[in-house]
1. Can you go through C:Pro375, C:Pro404 and tell me which one is of a type outside the set (A, V, I, L, M, F, W, C), part of a helix (DSSP H, G or I) and in contact with a strand residue (DSSP E or B) (Cβ under 6 Å, 6 or more places away or on another chain)?
2. Would you mind finding the one in C:Ser69, C:Ser135, C:Ser90 that is within 19 Å of C:Ala423 (Cβ to Cβ) and either touching a His at 6+ places or on another chain (Cβ under 8 Å) or of a type outside the set (A, V, I, L, M) (or both)?
3. Which is surrounded by fewer than 24 Cβ atoms within 10 Å (Cβ to Cβ), closer than 27 Å to B:Ala278 by Cβ and modelled with pLDDT of 95 or more, of B:Pro457, B:Pro497, B:Pro417?
4. Quick check, is A:Glu332 surrounded by fewer than 24 Cβ atoms within 10 Å (Cβ to Cβ) and more than 14 Å from chain B (Cβ to nearest Cβ)?
5. Look at A:Phe184 and say whether it is within 23 Å of the chain's Cα centre (by Cα) and farther than 30 Å from B:Ala472 by Cβ.
6. If you go through segment A:461-493 one residue at a time, how many are under 12 Å from A:Ala444 (Cβ atoms) and facing chain C (nearest Cβ under 9 Å)?
7. Which condition number does A:Glu191 fail, the rest of (1) in a loop (DSSP other than H, G, I, E, B); (2) within 24 Å of A:Asp494 (Cβ to Cβ) being met?
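The values are calculated or read from the model by the stated rules, or taken from the named source; none is laboratory data. If you're wondering where the values come from, they're calculated on a predicted model, not measured in any experiment. Glycine gets a Cβ as well: all are built from the backbone with ideal geometry, and neighbour counts include every protein chain shown.
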Amino acid sequence: MDHRTDSTSAASSNGARTTTSSAAPRRGMPGDGRVPLAPHPDRLLPPEPERRAIARRLYEGVRDLPLISPHGHVDPRLLAEDRPFPDPASLLVTPDHYVTRLLHADGVGLPELGLRDQDGAEPAEPREVWRAFCSRWHLFLGTASRQWLEAELHEVLGVAVQPSADTADELFDELTARLRQPEFRPRALYESFGIAVLATTDDPADDLRHHRALAEDPSWSGRVVPTFRPDRYLDATAADWARALDDLAAASGIDTGDYAGLVGALEARREFFRARGATATDHSAPDARMAFLDPAEAAALFDRVRSGGATGDEAVLLSQQLLGEMARMSSEDGMVLALHTGSRRNHHPDTRRRFGPDTGHDIPVRAEFTRALQPMLERFGTHPRFRTVLFTLDETAFSRELAPLAGFYPAVYLGAPWWFLDAPRAMHRFRDAVTETAGFYRSAGFIDDTRGFCSIPARHDTARRVDAAHLAGLVAEHVLAEDDAAQVIRDLNDRQPRTAFRL
Amino acid sequence: MDHRTDSTSAASSNGARTTTSSAAPRRGMPGDGRVPLAPHPDRLLPPEPERRAIARRLYEGVRDLPLISPHGHVDPRLLAEDRPFPDPASLLVTPDHYVTRLLHADGVGLPELGLRDQDGAEPAEPREVWRAFCSRWHLFLGTASRQWLEAELHEVLGVAVQPSADTADELFDELTARLRQPEFRPRALYESFGIAVLATTDDPADDLRHHRALAEDPSWSGRVVPTFRPDRYLDATAADWARALDDLAAASGIDTGDYAGLVGALEARREFFRARGATATDHSAPDARMAFLDPAEAAALFDRVRSGGATGDEAVLLSQQLLGEMARMSSEDGMVLALHTGSRRNHHPDTRRRFGPDTGHDIPVRAEFTRALQPMLERFGTHPRFRTVLFTLDETAFSRELAPLAGFYPAVYLGAPWWFLDAPRAMHRFRDAVTETAGFYRSAGFIDDTRGFCSIPARHDTARRVDAAHLAGLVAEHVLAEDDAAQVIRDLNDRQPRTAFRL
Amino acid sequence: MDHRTDSTSAASSNGARTTTSSAAPRRGMPGDGRVPLAPHPDRLLPPEPERRAIARRLYEGVRDLPLISPHGHVDPRLLAEDRPFPDPASLLVTPDHYVTRLLHADGVGLPELGLRDQDGAEPAEPREVWRAFCSRWHLFLGTASRQWLEAELHEVLGVAVQPSADTADELFDELTARLRQPEFRPRALYESFGIAVLATTDDPADDLRHHRALAEDPSWSGRVVPTFRPDRYLDATAADWARALDDLAAASGIDTGDYAGLVGALEARREFFRARGATATDHSAPDARMAFLDPAEAAALFDRVRSGGATGDEAVLLSQQLLGEMARMSSEDGMVLALHTGSRRNHHPDTRRRFGPDTGHDIPVRAEFTRALQPMLERFGTHPRFRTVLFTLDETAFSRELAPLAGFYPAVYLGAPWWFLDAPRAMHRFRDAVTETAGFYRSAGFIDDTRGFCSIPARHDTARRVDAAHLAGLVAEHVLAEDDAAQVIRDLNDRQPRTAFRL
């Protein structure tokens, strides 16, 4: 049922006068389900003629630059195996918790979106999932996901009509057929996207076989590097931490039964990752605190936690100590420490239990960096080999803490607006909040952070448009000269991410 | 004395050079006190010609839609009795703490504004109050109150000249006479405002006689529904809590001397309110935390607090437990739980003691929702009958917590920017902060929250203009198609508040 | 080495395609180092023609108004002695931690910027410092410092070419010569800047000899007043507090060995400052909490802390008690209490140890005012002689706490956006955040807070441009009439700072 019909009848049943908007033609109504999908060439650029002209020139200067993707969640197997994507629902809906969460909020159960339920409900067929998505396309109006999906559908997948209840089946068939064509297989898309380097996110116990396969494949010329993501091994509060340590011991061949062993195993795996091209480690932690205990104290703490005899606070302290070790190792091996903090993961336990993690209910909390990072920055903030990129889900930290920190410490780079903030207006707010304090040259550039391989060009393109729009505003207000702005936007898309992530 | 004369002489006495602004004509000076009051038809719409044209069309599409008012503080007696308003000061100044607080900040004592002082100072006569207000009209420049007052004065009350020291008496006489005319009595205004439904805010012990009188009056065709606001009974930390329980017992005929009795009495009163048309409960709490103790624990806690033998923390816990009961009851009876948290009430105790509550010194504090609401949402966040609308005075929660919560939980709707945030720029910030994460369809639409009956159309009109302006910006940047925007703004003014509040 | 060359070669070495931006001419490249420096006359004004026209008129109305500087860090000796500035590095780079911190973040050591290192590294020669600065001029793009520096260089110092590696030496020579000319000595500049009153920041033990010298110099007609800044004496947690009390005893001739003595000494020094023209006290504190113990309790607390037998919490409480005494004294002697809170000073201990305080690593933390200030405002918020100006580094407090407080309490004025927030976009956010709640007439106007004497006119000019731009937006949206806006901007630059600071 179309939601707008719903709305009108609800209004009438309550005796309200109804007025028809006659000024603008309406579309997306039943019977008018074929609305063209054609993203505007000037989308996200400022509408005033002078500013738009400047923004166009700035955007043109970077539109076709190679994509540098220092952080994301593309599975390297995708490229190693290069199998076709099966259908649009499995490509665009089911695996993308940005998309499923808004459908879920509208009352659609996750099994109806193709997720497997531990309690036994069968996941819907892809065609049904696609129908559920297309008929609720209006839910995404104004969201970042809508921007990306429109660009993916139109520019990557060649779709010319908006999703709707009326077009769902036709689009499903059209896309399923198209995805079988050779030019829509992952490697062909990688080439066509113009990716210069793609960093994946990998478990330290991973054997990186797909990275090796790509590196050893003479027919493949792309650059795909792993990222060391040791959350499982550092989070001593988690129920499966002991098992994680066993996995790490198996992967490294080092006994992780004491603190020195765990540290040694992590060091060994970092070295293994570096040999496969990794330049960074990536960390999700509740907050940014790190501890720097002396070795004997750390070893005793480890023993207490490992034996199950520790308090919750001690387990938290051990986790902070292990994150501190990562900073110390980075200062030695030069791997960039990317820090993503501030998400309360799995807010709805029943959904977690039935459908697993990353199902749309990780909710941000307030962030604090000034005090949390002080012990680490006291040690490594001016260390010549150490480098960290800081991300936040709490945008109040941008002007208050992150820009001032990055404006002093040579080791600190400002991560791009991330996750819920990875959207045009939030990107503008980020630049507004940090630039006056830290300039442009403490920024690590854009990361796409995506699980949707086909969204990579759309996400980078959005960021480039927003930067062009933002810089055009400064040029029009005579804060920047246009040629300085042209250099800045190039640097934000090339020099800055390469420098910040040592790519 | 005119404040600007003041300023100039102060400047001179300190030896500063004084420069006269010659570019712009000056007004509001002594001797030039008759400045036209004529709100611009395009006010609050974007000034750029293209955007303004779009915004005008969007605004035209909703300008005359019926007003849905799911939350406010209009006294139902006003409509039941339909007596004329006595004079402009009693209508527009004395009862409106938005207005009195800015006059107070300028050094005007509350008795001079018509408030009764427990210490005995006589309240000023309405004409004196009106003069104090008119001569300080410049204090309101740029505030939301000024927007509303200009629209009320001009569009509702037919005033054509700006308030000033020079026009105060003439306006007082003109308005006092006009308010006696039949078309300015409350029911006539209600009709002319185009109100579809008006929710009041009522004490659970209230017998709702005015609602009944309206419902049983064959000459009245409006829809006025009560809202269940049980703060007095849930706040176990308050000095008058025991007396409140007695009042509730009297109203419900149920002994509130134990926990089960209190819960039963609240349930009975909710049922009574529903029978009179109520669809929602409304709650002011210091923060959003709720507790879910087991029944025996809750009963014992109640007994300790009731007997005076509990700690302050226990009283807080009991209050949270009672708010949790409200959520549980909502999941059973379907009343929408509207949550207004984050105000430190009665910041200045002496003003509270002398002049009562709601006298302009409730000051917001930081808000937290992610952790506070987790226990409740774990239980009811996906419950099919449960629905909650979340309001905040801390706008940092919009992007960080509220939009992500509403973007996953079907039970959660985003309340409109409220109280200090109920103003054009804050509304823009709200949309900027939430839309990219939650779209438009998790928004509960506008609430006017007013104590000023005549401000209702002005407040809704302001919200519609701001939404039109905001959407026009997105259309001009090609983020939304104009016909999608036209549908969105209609939905925000009709479907969304009806759905969120079950009206 | 030019950073852009660096960037391009980094890109190439990683195999990325390189694209040359041909649309915009490039400058700042090696071999093209002579780029004109000519700040645009309409800089910071809105680019849309209608808005710009309004903004120009508003700006014209205040551009040449005398400068009122109620808070800053100019050394009064500068004017008393009137010696020439030695060279551009010593004037513009070395003493300005806004400038040195961004260079430090880019990897330049503080000795290379002319700072003296306790560990013995020799500070670089001024010419070398100037070269380091000029060759990194791009780091400041988009920052407030760049705006100020461009205006200082061009409008105060007559420079016509952008700093760059290529122009560094020529600019150094040109500026060094110019600074020796009589019209570039401090008093001549003071006259040419159009300063009406300049408040310095002074230690209570200071004998104010330079203020006296100026006051007694018949050839000097400026107005330079001291400000009472007693941080050293109020911070009972500091290692040098005991020594500070001795200094105060020496300056006041009052024994500070007990609480009454300390209070009496502070009162005596306030009186001394008032006799030299001071109208305000200024306070940097970690947060805004104040305590109001009874005298016996305070005396006992003092004794415990002074004797070294107190806990850390007790020392904090004593500090809060002493700040509370400042509020009490202000209510008696009428000195305005300016409160600057929320900075975590000296974040990097090694830099503090080697180079001293104010070296770029004071980092803001979250601020809270509603609860912190309640005890003080309960006592003095409506007191007729008490006045306070509140500053914050946490902009979330603007709409949430500060505007509501200033919108009720006659004693509370809103301080200008300060330090990291003292920049065009942050100023716009400040006005957006506070005006709808508190109007314009609770604002204390602009403070320049500068350590750079020559930046005073640039900073005030930036603030005037931003206010003009902001008000023009409101006029164009028909929220304000233009003549009201013209009056508001005059008041913000004259009446408001004079009233708030009693100047």
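1. Answer to the check: C:Pro404.
2. Details: C:Ser135 fails: within 19 Å of C:Ala423 (Cβ to Cβ); C:Ser90 fails: within 19 Å of C:Ala423 (Cβ to Cβ).
The conditions single out C:Ser69.
3. Values: B:Pro497 fails: surrounded by fewer than 24 Cβ atoms within 10 Å (Cβ to Cβ); B:Pro417 fails: surrounded by fewer than 24 Cβ atoms within 10 Å (Cβ to Cβ).
Unique residue meeting the criteria: B:Pro457.
4. Taking the combined requirement at face value, the residue satisfies it.
5. Here the answer is yes, as A:Phe184 does meet what is asked.
6. So the answer is 1.
7. (1)
Residues checked against (1) more than 14 Å from chain C (Cβ to nearest Cβ); (2) crowded, with 20+ Cβ neighbours inside 10 Å:
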residue	(1), (2)
A:Gly61	no, yes
A:Pro111	yes, no
A:Arg116	yes, no
A:Ala121	yes, no
A:Ala124	yes, yes
